[in-house]
Amino acid sequence: MIPPRPRARAASWAEACVWADVLVRYGLLDAALPTPSGQWLVRLYPDGPVEVLSGPSAVLDLAARLQHQNRRTRTR
């Protein structure tokens, strides 16, 4: 897999919230919830394991990875 490009700036909490909402709406994630500690709880599919992401940048990295997989699947 291609590693994500480094960002020019750190991801914000608001940016991560928007991306998480989009991923859930389009069915690429089952659930995504921020925690008070700044971490994110995500679940890729119903009844799947809950993953803990370290913060907003990790949410954006996940979004990039899911988009890349989705594009690659569609082109085949």
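List of remarks:
- Qualifying position, being open to solvent by less than 50 Å² (accessible area, probe 1.4 Å) and either modelled with pLDDT of 95 or more or over 11 Å from the mean Cα position of the chain (by Cα) (or both), among 8, 31, 64, 14: 31
- Restricting attention to segment 34-61, the residues being surrounded by 15 or more Cβ atoms within 10 Å (Cβ to Cβ) and of a type in the set (A, V, I, L, M) number 6.
- Where residue 72 falls short, out of the listed (1) farther than 18 Å from residue 14 by Cα; (2) in contact with an Asp or Glu (Cβ under 9 Å, 6 or more places away or on another chain): (2)
- Scanning segment 39-64 for residues that are over 14 Å from residue 23 (Cα atoms) and small (Gly, Ala, Ser) yields 48, 54, 55, 57.
- Number of positions in segment 19-28 that are open to solvent by 60 Å² or more (accessible area, probe 1.4 Å) and either modelled with pLDDT of 95 or more or within 10 Å of the chain's Cα centre (by Cα) (or both): 3
The values are calculated or read from the model by the stated rules, or taken from the named source; none is laboratory data. Bear in mind the structure is a predicted one, so any value in this text is a computation, not a measurement. Virtual Cβ from ideal backbone geometry, glycine too; neighbours counted across all protein chains shown. For accessibility, only protein heavy atoms count, side chains too; no ligands or nucleic acids. Shrake-Rupley method; radii C 1.70, N 1.55, O 1.52, S 1.80 Å.
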